[in-house]
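Since every read-out is calculated from the coordinates, none of them should be taken as a lab result. Keep in mind the model is a prediction, meaning the values are calculated, not measured. Cβ placement follows ideal geometry from the backbone for every residue including glycine, while neighbour counts extend to all protein chains displayed.
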Amino acid sequence: MLRHEGKIAIVTGGSSGIGQAIVVRLAGEGARVAIADVADGSGTVEQAKAAGGEAFWVPCDLADDGAIRAAAEAVRGRAGSAGIFVHCAAVQFMRPFADLTIDEWRLTQRVNQEAAFHFVRALLPGMRAAAWGRVILIGSSTYFINPSNMTHYVTSKGALMGFAHGLAGEVGREGITVNVVAPGLTRTANADAKLPDEFFQSMAALQAIPRSGRSEDQAGVVSFLASDDAAFITGQTLLVDGGQART
């Protein structure tokens, strides 16, 4: 039996990067995975198929709470109630706080943290009815290493940890776990386009494991937390950063 056989999963931001790797991993291990993303998810669908799994794209603007509720309902109508929810989508850019506009601040919070609120609210009744659920939020090691010019982003990722800590205590007795995976710098197509190779090398030199992080590093941890092997883990933040931030 495959690890996630018979499970329905929703992964936000699954059209590229870490989210894409998570979709492919969960689908390859038996889950039927919905990709909730404003970007075209057809490439991820094909990768999931190549891995022997099934995924489908549900277009969703994660800055729109009505669109999130509609996406959750679309997944329910097509595949059934999702028991695994992974919030990976994020707005990320660098800007000094003094130059940050209120619209940029609000968009970052809306996508990075509030979208998780709306999706979990929509999915929680189904998880409670099944007495089983996995909520996995993708945080960031930036919360622990205090980078410059990312106050808006760090705030949003810190809020996800607070959300997980609080919600875990409310739903644990119902068979639902809530955890955060906090990646370090990870080599994705988007990151490679923005950052020089020298930057990746300098960051890797600060880690206990001196190599750049890969999307698959995060996907494996997410798959574990989504499984019954992690049934006694909740309210936790797992740093997956090669040992740069050692808490």
Net length gained if the chain between ASP40 and ASP197 were fully extended (0.36 nm per residue, minus Cα distance): 53.8 nm
Per-residue ³J(HN,Hα) for the stretch 189-198, Karplus 6.51 cos²θ - 1.76 cosθ + 1.60, θ = phi - 60°, Hz, x for Gly and Pro: 4, 5, 5, 5, 6, 9, 10, x, 4, 4
Within the chain: Cβ-based charge dipole about Cα centre, in debye rounded to nearest 20 (Lys, Arg +1; Asp, Glu -1): 420 debye
Distant-in-sequence amide H partners of TRP57 (H built 1.01 Å from N, under 5 Å): ILE35
Percentage relative contact order, the stretch 1-155, counting C-alpha pairs under 8 Å, at least six apart: 22 percent
Karplus-derived HN-Hα couplings along the stretch 15-22 (A = 6.51, B = -1.76, C = 1.60, θ = phi - 60°), whole Hz, x at Gly and Pro: 7, 7, x, 4, x, 4, 4, 5
Positive-end residue of THR151, GLY169, PHE224, charge dipole of the stretch 8-239 with Cβ unit charges: GLY169
For the chain, built as a Gaussian network whose Cα springs stay under 10 Å, the top-fluctuating residue of LEU123, LEU195, LEU107: LEU195
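I need the calculated FRET efficiency for the pair VAL91 and ARG173, taking r as the beta carbon distance and R₀ as 30 Å, to the nearest 0.05.
The value I calculate is 0.30.
Under unit Cβ charges (Lys, Arg +1; Asp, Glu -1), what dipole magnitude, rounded to 20 debye, does the stretch 94-207 have relative to its Cα centre?
Taking the Cα centre of the stretch 94-207 as origin, the dipole is about 380 debye.
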GNM top mover of ILE138, ILE68, ILE102 - the chain, alpha-carbon springs below 10 Å: ILE102
Length gained when the stretch ASN190-ASN149 is fully extended (0.36 nm per residue, less Cα-Cα span): 12.9 nm
Sites ALA51 and ALA231 - FRET efficiency at Förster radius 30 Å, r taken between beta-carbons, to 0.05: 0.75
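Please give the FRET efficiency for GLU216 paired with ALA129, using the beta carbon to beta carbon distance and R0 = 45 Å, rounded to the nearest 0.05. It would help to have the intermediate numbers written out before the result.
Numbers: r = 33 Å, r/R0 = 0.73.
For R0 = 45 Å, the calculated efficiency reads 0.85.
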GNM flexibility winner over the chain from ALA70, ALA98, ALA231 (Cα, springs under 10 Å): ALA98
Simple label model, 7 Å out from Cα along Cβ direction - ARG69 to ASP103, nm: 2.6 nm
³J(HN,Hα), Karplus 6.51/-1.76/1.60, whole Hz, each residue of the stretch 199-209, x for Gly, Pro: 5, 4, 5, 5, 5, 4, 5, 8, 9, 5, 9
Protection-proxy order for peptides 31-43, 11-23, each taking the mean of Cβ atoms within 10 Å per residue, highest first: 11-23, 31-43
